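The values are calculated or read from the model by the stated rules, or taken from the named source; none is laboratory data. No experiment lies behind these values; they were computed from the predicted model shown. For neighbour counting, all protein chains shown are included, and Cβ atoms are generated from backbone atoms with ideal geometry for every residue, glycine included. Accessible surface areas use protein heavy atoms only, side chains included; no ligands, DNA or RNA. Shrake-Rupley method; radii C 1.70, N 1.55, O 1.52, S 1.80 Å.
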Amino acid sequence: VFVSQGFKIPYLNDIRTQTSAKVVFVSHNAPFWESLFKKENGKYSASKSFGKWLEWYLLRSLKFRLGIFDKKLIKSYLNIYNSVDAFGVLCDSYANEFATKLGVESSSSKFVTLTNAAYPKVGNCTQNKQKEVCCVGRLSYADKRVDRLLRVWSVSAPKHEDCVLHIVGDGSETTTPKAMAKQLGLK
């Protein structure tokens, strides 16, 4: 079994046809997340300078407004779908969204829902445990949006003073959440 965990490898069909291996593609994101990521990242980069703003709004954003990027993206996922034995997704609604946009029948498709295998044990919690919210992940604006978490937390924190927020991660936006937390008056 050959498993590609989110990497759109162009030779998946070759692996399947030239070996006896079963090929599985697993998407760990929302369907067609790349489109939103590219748009948000483009807008964010455009906010950095006038030259980048011109480049984005006069050139790059056209791909999205005309649907060119999305058509290419759908075509690449359809190629993957046709090249694999199974296509793993995080939930049934993701399978339905992929099936709809790819034009395949969801009831007889290759989509397999991979639910969370770790379930919390009931009854092992202590009563005096501190209430914590933990965000773990790459610190990048376009796809993780820790800024949104901080805005929500700034509204809810005063109502829940017994809760603590921890943000753990690294990435291109490491300093931005720290600065924003300070600006919002968060600990």
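Quantify how much of the Cα-Cα distance distribution of region 131-172 extends past 12 Å, in percent. Cα-Cα pairs in region 131-172 separated by more than 12 Å: 60 percent.
Note on residue 57 and residue 8: the extension gain reaches 14.8 nm, defined as 0.36 nm multiplied by sequence separation minus the Cα-Cα distance. Across all Cα pairs in region 1-102, the calculated P(r) in 10 Å bins from zero up to the longest distance comes to 14, 38, 27, 16, 5, 0 percent per bin. The listed residues 168, 136, once ranked by accessible area (1.4 Å probe) with the largest placed first, stand as 136, 168.
Among the lysines, which fall within straight-line cross-link reach of residue 8, defined as a Cα-Cα distance under 18 Å, with same-chain neighbours fewer than 8 residues apart omitted? Residue 8 reaches 22, 38, 71, 72, 75, 101, 110. Spin-label model, residue 40 to residue 1: label points 7 Å out along the Cα-to-beta-carbon direction sit 3.1 nm apart.
What is the local net charge at residue 43, summed over the other residues whose Cβ is closer than 14 Å to its Cβ (Lys, Arg +1; Asp, Glu -1)?
+4
Overall, region 1-126 carries a charge dipole of about 520 debye about its Cα centre when +1 sits on the Cβ of Lys and Arg and -1 on the Cβ of Asp and Glu, all other atoms neutral. Whole-Hz Karplus values for region 42-55 come out as x, 5, 5, 4, 5, 6, 7, 7, 5, x, 5, 4, 4, 4 Hz, taken residue by residue from phi with 6.51 cos²θ - 1.76 cosθ + 1.60 and θ = phi - 60°; glycine and proline positions read x. Rolling a 1.4 Å probe across all protein chains gives residue 111 an accessible area of roughly 30 Å².
Charge tally for residue 71 (other residues, Cβ to Cβ under 11 Å; Lys, Arg +1; Asp, Glu -1): +3. Just the number, please: carbon plus sulfur as a percent of the accessible area of region 3-144, 1.4 Å probe, no ligands or DNA/RNA counted. Heavy-atom surface of region 3-144 belonging to carbon and sulfur, 1.4 Å probe: 55 percent. At full extension, residue 22 and residue 79 could sit 18.9 nm farther apart than now, given 0.36 nm per residue minus the alpha carbon distance. Taking residue 129 as the anchor, which lysines have their alpha carbon closer than 19 Å to its alpha carbon, excluding any fewer than eight residues away along the same chain? Output for residue 129: 121, 159.
Full extension of the chain between residue 145 and residue 72 yields a length gain of 23.7 nm, computed as 0.36 nm times the residue separation minus the alpha carbon distance. Note on the chain: helix-only mean residue ellipticity at 222 nm, from DSSP H runs of 4+ residues weighted -39500 (n - 2.57) and normalised by residue number, equals -13000 deg cm²/dmol. Overall dimensions of the chain, expressed as equivalent-ellipsoid semi-axes from the Cα gyration tensor (√(5λ), whole Å, largest first), are 35, 27, 14. In the complete set of protein chains, residue-level accessible area for residue 16 is approximately 70 Å², probe 1.4 angstrom.
In this simple spin-label approximation, residue 134 and residue 48 carry label points 7 Å from Cα along the Cα→Cβ vector, and these lie 3.2 nm apart. Heavy-atom accessible surface of region 1-79, averaged per residue, reaches 68 Å², computed with a 1.4 Å probe.
Output the peptides 3-11, 99-107 sorted from most to least packed, where packing is the average of other Cβ atoms within 10 Å over each peptide's residues.
In decreasing order of mean packing, 3-11, 99-107 become 99-107, 3-11.
At the listed q of 0.13 Å⁻¹, the Debye profile of region 1-50, built from one uniform point per Cα, gives log10 I(q)/I(0) equal to -0.49.
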